[in-house]
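The values are calculated or read from the model by the stated rules, or taken from the named source; none is laboratory data. Since the model is a prediction, treat every value here as computed from it, not as a measurement. Here Cβ is always computed from backbone atoms with ideal geometry, including for glycine, and neighbour counts include all displayed protein chains. Note: accessible area is taken over every heavy atom of the protein model, side chains too, but ligands, DNA and RNA are not part of it. Shrake-Rupley method; radii C 1.70, N 1.55, O 1.52, S 1.80 Å.
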Amino acid sequence: MTTQSADPAGRGPRRAWYREVTPRQWKALSAAWIGYLLDGFDFVLITLVLTEVADDFRLDTATAASLVSAAFITRWLGGALLGAMGDRHGRKAAMIASILLYSLGTFACGFAWDYTSLFVARLVIGLGMAGEYSTSVTYVLESWPARLRNRASGFLISGYAGGTAVAAQVYAWVVPAWGWRWMFWLGVLPVLVALWMRRSLPEAGDWHAEVASARGGDGAAPPDRPHPFRPLLTGRLRRRANAALAALATVALFCAFTPWGAGFVPWSAGLAALCLLAFAAQLGGRRGWLLHVSLMVTVFCAFLYSWPVQALLPTYLKTDLGYPPAQVGDVMFVAGFGAMAGCWLAGFTGDLLGTRRAYACTLLASLAFVFPVFAVRGSVLGLGVLLFVLLALGQGISGILPKYIAGHFPTGTRAASLGFVYNAGALGGAVAPVLGAQLARGMPLGRALAVLTFGLTLLVVLLVGGDVPRRLARLVDRQVPGDHLVPQAPGGAETAEGRGRGVPRGESSSGAA
């Protein structure tokens, strides 16, 4: 059986897509995928053991849920700093630093003696995970062929979903026998992956071509080496003001998501939002500030629709449905595998229909399964099937969210911009479990999760499907380019790789539908 098909442009037979990917590119994806799988394993551990931790430390549901939120408080800072490191010194070095941070933070969780110590360890995990997202995504997208980058994005993010599925099975085996602390002590394993990456991985192709190859003959860094934070550090007064702004944002977020800020949550949240918007405006500059802000809001809403289920589903299974740990592990494994399969599907769909169109259509389809999932009571099999489909459509499509965001930024500032925009918006994941727990005080937890998921999914469909961030950006800069991940010739025309095969149906080089 042949692996070739006719090229619609008349250039003869075309190789099967997987033959277009070189062994070096497959190696880059595999390494980043393993890092992402372990990242997902480490990050969701707290959601699986939340009830056990709450019992040990005598926490109510809302206070326990803030432990999930803790890792999001530092994500904006970790994404920006480690992303900037990736832009300036290479994607690989920043990936390794990120893995070391989140694995050591997870290991420390196992030694927590109270709520505060566990919360602090979760802050460290947030720093590392944020950097892992921005640097791994840019590393893989810049290494793979342009026409297959939705696929590369979907394959990569599936590693996170795979990590959640593995964590669910480990939970069922480990916690009943040895307790919840052992789940966190296992989280030190990614250190071995980091050491392997340091020795064996090549640098990302696009970054190497644009930045590393610009070094002089003596190996010295050129004067125009990327410096994503330059807008924040111009002048002594601005440096001091932004340092104070970063400290203020961190304190405000801490007050907003911990019991210590009780009574001041709206004020703290508002102050944190203003600080992050100020950073976004400075990083984007006079012509790009609205793009940074609108992408940040889009990601925030994406986390609000997805994280109520991700964070509180184990609690729902144990408290509302009364499932024992073994059944919780089985259901969460099926759910995680559904999200993983959905990421693979999203990659192929994104390359076929275009990133935005695939995103909007898949999310719309997921709405049909939201309320049925939380209506099932007596059938573990029925619940597992519905959850598989819901997460394949609703969570799996996030596999191409990195491709959607990264395409808005040029190579020289991509990791830092992606890291800041995505991880500042990821605060929606910190809000989601707390919001779900608060709503559950007036209605059943399952109904609260369904209402949040359904309403906010519709909002994300409008934002992404309507290309709202790019349309808003053109209000202040009419020259906003299309997808930076699609190659273009110097005059603005697409290259042969970007033309026809490189641009999926539904997306033009200008970014218009």
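Here segment 280-344 is treated as a Stokes sphere of Kirkwood radius computed over C-alpha pairs; at 37 °C and 0.692 mPa s its diffusion coefficient rounds to 227 µm²/s. With the convex hull of the Cα atoms taken as the outline of segment 59-145, the averaged projected area works out to 6.1 nm². Taking the protein heavy atoms of segment 365-408 in the context of the full set of protein chains, the accessible area attributed to carbon and sulfur is 79 percent at 1.4 Å. Potential lengthening of the chain between Ser30 and Met443 amounts to 144.3 nm, from the contour at 0.36 nm per residue minus the alpha-carbon distance.
The alpha-carbon positions of segment 230-323 define a convex hull whose volume is 119 Å³ per residue. Overall, the ratio between the Cα radius of gyration of segment 251-291 and 2.2 N^0.38 Å, rounded to two decimals, is 1.42.
Run the Debye formula on the Cα coordinates of segment 420-483, all scatterers equal and no solvent, and tell me log10 I(q)/I(0) at q = 0.14, 0.15, 0.17, 0.25 1/Å. Computed log10 I(q)/I(0) values: -0.59, -0.65, -0.75, -1.08. Listed peptides 314-321, 63-70 appear in the order 63-70, 314-321 once ranked by packing, highest mean of other Cβ atoms within 10 Å at the front. Packing here is the average count of other Cβ atoms within 10 Å per residue, and on that basis the peptides 393-400, 107-114, highest first, run 393-400, 107-114. Averaging over all projection directions, the Cα-based convex hull of segment 247-401 occupies 11.7 nm² in the image plane.
Average accessible surface for segment 279-408: 32 Å² per residue, computed with a 1.4 Å probe over protein heavy atoms with every protein chain in place. Here the gap between Phe264 and Arg238, fully extended at 0.36 nm per residue and compared with their Cα-Cα distance, gives a gain of 6.5 nm. If R0 is 25 Å, the Cβ-Cβ spacing of Arg58 and Leu248 corresponds to a FRET efficiency of close to 0.20. A 1.4 Å probe run over the protein chains yields, for segment 81-177, 24 Å² of accessible area per residue, whole-number rounding.
Most tightly packed first, judged by the mean number of other beta-carbon atoms within 10 Å of their residues, the peptides 278-288, 469-479 read 278-288, 469-479. Debye-formula intensities of segment 310-369, expressed as log10 I(q)/I(0) at q = 0.16 Å⁻¹, are -0.64 (one equal scatterer per alpha-carbon, no solvent).
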